[in-house]
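Student: Just dropping this structure here.
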Amino acid sequence: MLKFLDTRHLPYGSFQPIIPSIKEHNFGWMCLHGAELGEWTGIQMEIDWAKVKEADLGELELLIRIHHAQGPLVYQATETCHEKGTLFVDYEIQAEQAGDTTYFFSFVSRTNSAVVHGPILIRGYIDQS
């Protein structure tokens, strides 16, 4: 049973396209409120992106850090595409302590070959089951 749920949806065209570089580009955060020890907390995401016109192949990396923007890395995914792609994330972990947990999200494109145009859907939850 869900104890906490926060969903954010950024539709295509509702934000300036994000052009990640070889350095981390923070694009958001989410705080999950009131987890108890042992409860499952999770982040699910869908991020639509494309390669830049000049590139043969697009490459996008997503990083999720905990507690602050330079905090410990808890999730990392790298995808490539020939034209367009959707990055799917399903990250879940049991809470190691009671209280609030904040996750920070950032992009990297080590080849400068990606543009994130959306939509972006982020869902954070705490599950008591």
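The values are calculated or read from the model by the stated rules, or taken from the named source; none is laboratory data. Bear in mind that the values here come from a model prediction, so they are computed numbers and not experimental data. Please note: Cβ atoms are built from the backbone with ideal geometry, for glycine as well, and neighbour counts cover all protein chains shown. Side chains are part of the model used for accessible areas, which takes the heavy atoms of the whole protein and leaves out ligands, DNA and RNA. Shrake-Rupley method; radii C 1.70, N 1.55, O 1.52, S 1.80 Å.
Student: Taking strands (runs of 3 or more DSSP E) that do not extend beyond region 27-110, which have at least 1 residues that are touching a residue at least 40 places away in the same chain (Cβ under 8 Å)?
Tutor: Numbers: elements: 40-51, 58-66, 73-81, 84-94, 99-108.
Output list reads 40-51, 58-66, 84-94, 99-108.
Student: Could you give me the residue pairs with C-beta distances under 7 Å whose first residue belongs to region 115-126 and is at negative phi, whose second residue is open to solvent by 10 Å² or more (accessible area, probe 1.4 Å) and of a type in the set (D, E) wherever it lies, and which are 6+ apart or on separate chains?
Tutor: H117/D48; P119/D48; L121/E46; G124/D6; I126/E39
Student: Taking the condition of being over 12 Å from M45 (Cβ atoms) and open to solvent by less than 20 Å² (accessible area, probe 1.4 Å), how many residues in region 111-124 meet it? Step through it out loud before you land on a result.
Tutor: Narrowing region 111-124 to residues over 12 Å from M45 (Cβ atoms): 111-115, 117.
Keeping just the survivors that are open to solvent by less than 20 Å² (accessible area, probe 1.4 Å) gives 113-114.
Total meeting the criteria: 2.
Student: Turning to a different aspect of this structure: Would you pick out the residues in region 79-110 that are crowded, with 16+ Cβ neighbours inside 10 Å and either in contact with a Cys (Cβ under 9 Å, 6 or more places away or on another chain) or at pLDDT below 95 (or both)?
Tutor: Listed by number, the residues that qualify are A95, T101, T102, Y103.
Student: Which residue out of Y12, Y75 is farther than 15 Å from Y125 by Cα, open to solvent by 40 Å² or more (accessible area, probe 1.4 Å), in contact with an Asp or Glu (Cβ under 8 Å, 6 or more places away or on another chain) and not β-branched (V, I, T)?
Tutor: On the way: Y75 fails: in contact with an Asp or Glu (Cβ under 8 Å, 6 or more places away or on another chain).
Going through Y12, Y75 in turn, just one is farther than 15 Å from Y125 by Cα, open to solvent by 40 Å² or more (accessible area, probe 1.4 Å), in contact with an Asp or Glu (Cβ under 8 Å, 6 or more places away or on another chain) and not β-branched (V, I, T): Y12.
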